[in-house]
Structures are given as C-alpha cells and as structure tokens.
Amino acid sequence: MAGNRCRCSAPRSQTGRHSGDPAAGRPPRLLRYRSACSVPARSSRQTPPPDPEAGHRCYSALRGKSDSASPSSCLSLPKHCPRPAIHASRRLRSKQSSAKRRPVTWGKTSFAKVARLILALPLLLLAVPAGADPADIDAATRGVVRIVLIANEGGQMVPISHGTGFAISPERIVTNAHVIAEARDDAEISIGIVPSDGVDAVYARVIAFAPRSDLALLATTSPMKLPPLTLASAQPDDSSAVTAVGYPMNVERAQGLSTSDVFRAQPPVKSTGFLSGRRPTREFDSLLHTASIARGNSGGPLLDSCGRVVGVNSFGAETGGADAEFFFAVSTRELLNFLRENNVTPQVNGMPCRSLADLDADEARRTEREQQASQARERASAEETARRSDLARRDIEFALLNERDNRAAIAFLLIAIAFTAGGAAWLAHDRGHQRNRAIAGSIVLVAVFGAGWAWLARPGFDQIEDRLLEHMKAEVDASADGATGAGGKPRTTGSFMCVLDADRSRVTGANTDDLPFEWTNSGCVNKRTQYGLADGEWSRVFVPDDEASVSVNRFDPESGEYRVERFLLNRESMTRARQARSEYQAPACNAGGEAAAELGARQTAIRSLLPERPNERLVYNCKATGG
C-alpha cells in the first residue's frame, strides 16, 4: 500500500433528463461534488479496487503509528478528504479534558462581553423579519395545482412524472417548461391538472412554451374556475420571508401514496425561507432563496408574506450534507414579460405588504388621535363659546340698562309735561277759559298715562338670559348656513367619488381604481343595490357564485367612508357561505326601512361564518361630486 495515493474523485457528470440539456428545454442544474479517498486509475496496469481503509493508514503513517504506509506516499492527500472519525473524537475528548483542567474565571473582559450580548439582543430581535401571514398563504394555495404527465399503457392511464403549477386566470396555468417538455415532445403523453381543493382533475393543453426562461402556459380543457394568484410587481427586498408551495415527490414517497392518489385533490406542501439575492442565470433572471423545494416543486409559486407571487420555483443547487441549501426561482420580471408576449393580463399588485395586525394598530392609534383632536376641538369650541357668551352678556346688559334709562327718562319727561299741563289747566280755570282748561286737562291725562306706561315697560333684568340664548342661537344658525354655503358640511346623499386611502388599506390583489358611488338615505347604492341596516351601520355582504371570496362592504354617510373587506375562503367555507346566502332574498332598492333592517339582520348569519380578520381591507374616502 506504500504506492497508493489518496485523492478526491472528480465530479460525477449527469446526463439525460437531469442534466439540464438546453436543447431539451430543461434548465441547467448544479452538479454535486463528492469527496472520497480512492486509488487513482492507471492506464498501463490493472487498477486495484478502492481501499476504504487507505485514509486511515495514511493518517496513521503521518502520525508515526503505522508501518504499512510511508508518510511520503500520503503527502498528496487532499485537505478536504474526510478524516477518520476516531481522530475527531480523540481531538474532541482532548479539548474537553483541557477544558476541565482550565479553571473558569470571570473578569472584566467576560462581564463586558456578556453586557454587549445583552445590549445587542433587542437589536437582533428587531432585525428578524416578520413571518408569512398563514391566512394569505392558505388563500394563495387555492390556485396551486399538481401537473401530472400521463401515459396510456394497455388502456390504463399511468402517471410518469409530475410537477406544480398555479392559476394566473380561472383557466390558465403557469408552470416550468421542463415540467411539461416531455409531453410536448411526445404526442402519446397527456397533461393532467389536479386541483388542491375538491374539483375533479381535467386535461390541459400547452399554449405557450419558453425553454429559455423555463416557463410554460397551459389552458384547461374543461372549466375549473381556479382562483388566480396575484403577482407582485415590486421585487421584494433581500432577506425578506418567502414561502414555496408545491408537491414535492419525497413527501409523497414518505407518505406511501399510491398511483391513484396522484389524481386526487390534496393540499400542497408549504416551506418557508428567505430571499438570498438576485442571481441571474445565463438564460433568465432568477431569485435565490432558502425555502426548501424538491422534485415535484418545479413550476410552483414562490410567495411573499401577503401571498403574492414573486417567482416560479425552477431548480436547486445540489449540495453535500454539510453545505447550505439554496434554490432558484424564475423572477416575476421574466414571468410578466412571458405573459405579456402571450396576451395574458394577470392580477398585479405593487403595494407594500402590511399585516392586518399592523393596520389594526395604526387604526387604533388613528382613532385615538381623532378622539383626542375632537376633544381638543370641543374644549376650544366650548372656550370660544364661553368667551362669546361673556361678550354677548356684557353687550346685552349694557343695552338693557340703556333701554331702562331711556324709558325712565321718557316717564320723567311725561310727568314734567303733566305738571306743566296741570298748571296751565288751573290757570285757565281761574280765568274762566273752559276750552283751554279741557285741552290742558287732556294733556295731563295723556302724559300721566304715558309716564306710567314708560315706567312699567322698562325691561327687567330677567330678560338678560333670554336675550343671550336668542343671540347665541342666531350665531349658531348663521355659522351653519355659512358652512353649508361654503361646502364645509358633508353631503350625505347624491353622487360621490371614492378614492382609496392606501395608508389604511391592505391590498393583495383587488382593483384599486377610483369608484363612482351614488347613495340615497334609504340605503340604495348606484340605483340597483340595497344595503342592510344593523346597529346603525349600512352594509352589504356579497357571496358570488363564480369567485371563491366573500366581500363585506360598508358605507358611513356622515364621514363619507366606504370600506370593503374581502375574505378568501376555501371550497368548504364557500359552500357554507353560499348556503347561508341562499336562505334569504335581498330586497330591491328603496323598499323601505323595515326591508333594510331585515336585510341587515339576515346578513349576520353569513358574517358569523367568516374568519376574524379579512385577507384584504380597502378603505375609500368619498367626496361629493356635482349632480
């Protein structure tokens, strides 16, 4: 054995289906490199069989503990050839023994290190990204399907391989090109689509095939009404959380599934990880991530925390057991170009991914701020009202005193006139002027009565409060009339234009365009949809037959807020919601207050079946328009 040398074997080549032959439309795969100690092949003499004990003898010779191999013959042993486990255990025991002999002491340096670790712990916790929202991921998996390649052998349908795909529209499915390449090249092989939830499998045909970007587009031959997934137009940040969804073969082998189970609807497998950066391959733009995938995951979606597609899983880097595992997905940039070239318009959303918990917390803070602002406005209004009341009271008091003084002066003047007329009447009586006496007497009577009326008609001090109330009421009416004329008072009926408030909304796939909205006091929307009234709230619950979602729409005429909450449900939950909806008939518009109240009560049965939180929340601010 002295002439033997230890070396690491060359990488094993891979050919055929797993080699990533570009001509066959299959993506490249990273090859696995394995290390082993073996005897090199010789061209001039017979090659002896590999000796698994060569590495032990070489290392024993190097340590001077073996005579069967010379140290010089093993100098070419690569550093990364595996060392014998016995030496590793000896080194470990040696370190443990030395650790036992070394006394443990705590000094200033140790306490400083511990203090730094304690201070850094909150920062490490803050740096951990939030995990995926399970409700959004579950909603996205409704549109994930298993793609099975089927061969006809002796009149029986036999599955020969499978991959994963996802709905981009109710009858269009995206997958990898290499998943269906064999069926495209062989007319005897069919493509089957098996949904994840409760519908029979159907066949599909290829309508677009792009081996360069490893993408393919399929069309179902029978209606499936799959819920389409939404694509994220904005590329997620590095290290953000992602979830891979698909049907890995190793899971099914571990479960011992039979051939017939492949054609049965089953939920896909979900694995989580993080983005590790953009790593474009020679053929297409791709994302590197750590969400585990295996054979069978190809063509499945890579989702962000809001359940939006950020990539199409394609292949993985084959590694040894000690190496980190990384996987590649075709980016949505490639996917959007591919769909655009094939005249397919997907649902695209580029809004930030925010959790409903964050939105609820922001909404609570917003409500608290509004309450504080309202209380501050009420205090300021009360103070301003008190100030104006004091000023008005002072003016009223001065005005009342002036009225009393004026009427008292009139009374004294009339008394003076009465005395003067009385003297004239006495003088006329002495002189015998009867006519002048009568005139003067009449003047005396009129002046006396006038003075009495003027004195008694003076306003009392009890009128101050009444005049103050009338004055303040006139101010309020004038202020209200001015605000209405200036457009300050919101209109509660008529035509509105509703604009999405992005800061208060969570959108994962719904349309965000402005909405024209027409409202009447009876709860009729757009002259065709009657809303129900319950607990002072106008709402309408929509349960469509052609969509796997339930929407709860609310409108507040006073604030002009229109709110839409969408619940993306599985097939079983949708069946229960449709059953509850079939038990009542919605009234026509303007059917009256009793009909609106009955509709509001009926809708509570559906709302009780919904999850606590919706998948989407759209908040609109509605402003009155002309007309």
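Worth pointing out:
- Of the residues screened, Ala135 is not one that is at pLDDT 95 or above and either farther than 22 Å from Gly273 by Cβ or open to solvent by 30 Å² or more (accessible area, probe 1.4 Å) (or both).
- Annotation note: of Arg354, Arg282, Arg333, Arg340, the sole residue that is closer than 30 Å to Asn570 by Cα, at pLDDT below 90 and open to solvent by 50 Å² or more (accessible area, probe 1.4 Å) is Arg354.
- Candidates in the stretch 574-599 are the residues that are part of a helix (DSSP H, G or I) and of a type in the set (Asp, Glu); of these, the one that is surrounded by the fewest Cβ atoms within 10 Å (Cβ to Cβ) is Glu594.
- For the stretch 161-182, residues that are open to solvent by less than 30 Å² (accessible area, probe 1.4 Å), assigned to a strand (DSSP E or B) and within 13 Å of Ala216 (Cα to Cα) total 9.
One line per residue, one yes/no per condition, for (1) over 26 Å from Thr290 (Cβ atoms); (2) surrounded by 13 or more Cβ atoms within 10 Å (Cβ to Cβ):
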site	(1), (2)
Ser314	no, yes
Phe326	no, yes
Thr345	yes, no
Ala361	yes, no
Gln372	yes, no
Glu378	yes, no
Ser381	yes, no
Arg394	yes, no
Glu397	yes, yes
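- Within the option set Ile396, Ile410, Ile415, being aliphatic (A, V, I, L, M), touching a helix residue (DSSP H, G or I) at 6+ places or on another chain (Cβ under 6 Å) and free of Cβ contacts under 8 Å to residues at least 40 places away in the same chain holds for one residue only, Ile415.
- Some residue of the stretch 244-259 being open to solvent by less than 50 Å² (accessible area, probe 1.4 Å), assigned by the TED database to the domain that holds Tyr203, modelled with pLDDT under 85 and in a loop (DSSP other than H, G, I, E, B): no
- When the stretch 268-287 is filtered for residues that are outside any strand (DSSP E or B) and over 23 Å from the mean Cα position of the chain (by Cα), the ones remaining, listed by number, are Arg279, Pro280, Thr281, Arg282, Glu283, Phe284, Asp285.
- Residues located in the stretch 411-429, provided they are modelled with pLDDT of 85 or more, farther than 13 Å from Val448 by Cβ and open to solvent by 60 Å² or more (accessible area, probe 1.4 Å): Trp426, Leu427
- Boolean, Ser260 is over 28 Å from Pro352 (Cα atoms) and out of contact with any strand residue (DSSP E or B) (no Cβ under 8 Å at 6 or more places or on another chain): yes
- Any hit, the stretch 341-364, residues being assigned to a helix (DSSP H, G or I), more than 26 Å from the chain's Cα centre (by Cα), outside the structural domain of Val619 (by the TED database) and closer than 30 Å to Gly296 by Cβ: yes
- Looking only at residues in the stretch 456-476 that are in contact (Cβ under 8 Å) with a residue 24 or more places away in the chain and in a loop (DSSP other than H, G, I, E, B), the one that is surrounded by the fewest Cβ atoms within 10 Å (Cβ to Cβ) is Phe461.
- Inter-residue pairs, beta-carbon under 8 Å, first within 21 Å of Arg504 (Cβ to Cβ) and modelled with pLDDT under 90 and in the stretch 363-392, second among the charged types (D, E, K, R) and open to solvent by less than 70 Å² (accessible area, probe 1.4 Å), 6+ apart: Glu363/Arg504; Arg366/Arg504
- Residue match in the stretch 288-305 (condition: within 24 Å of the chain's Cα centre (by Cα), at pLDDT below 90 and among the small types (Gly, Ala, Ser)): yes
- Residue, surrounded by the fewest Cβ atoms within 10 Å (Cβ to Cβ), within the stretch 600-627, restricted to residues that are among the hydrophobic types (A, V, I, L, M, F, W, C) and either in contact with a helix residue (DSSP H, G or I) (Cβ under 8 Å, 6 or more places away or on another chain) or within 30 Å of Ala357 (Cα to Cα) (or both): Ala601
- The test for being loosely packed, with under 14 Cβ neighbours inside 10 Å and either modelled with pLDDT under 95 or touching a strand residue (DSSP E or B) at 6+ places or on another chain (Cβ under 8 Å) (or both) does not hold for Glu561.
Listed here are the residues, each with its yes/no results for (1) open to solvent by less than 40 Å² (accessible area, probe 1.4 Å); (2) on the phi < 0 side of the Ramachandran plot; (3) part of a loop (DSSP other than H, G, I, E, B).
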position: Pro159; (1), (2), (3): yes, yes, no
position: Val194; (1), (2), (3): yes, yes, no
position: Ser213; (1), (2), (3): yes, yes, yes
position: Leu217; (1), (2), (3): yes, yes, no
position: Gln235; (1), (2), (3): no, yes, yes
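The values are calculated or read from the model by the stated rules, or taken from the named source; none is laboratory data. Fair warning: this is a prediction, and the values are worked out from it, not measured in the lab. Methodologically, a virtual Cβ is constructed for each residue, glycine included, from the backbone with ideal geometry; neighbour enumeration extends over all protein chains shown. Protein only, heavy atoms only, side chains kept; ligands, DNA and RNA dropped before computing areas. Shrake-Rupley method; radii C 1.70, N 1.55, O 1.52, S 1.80 Å.
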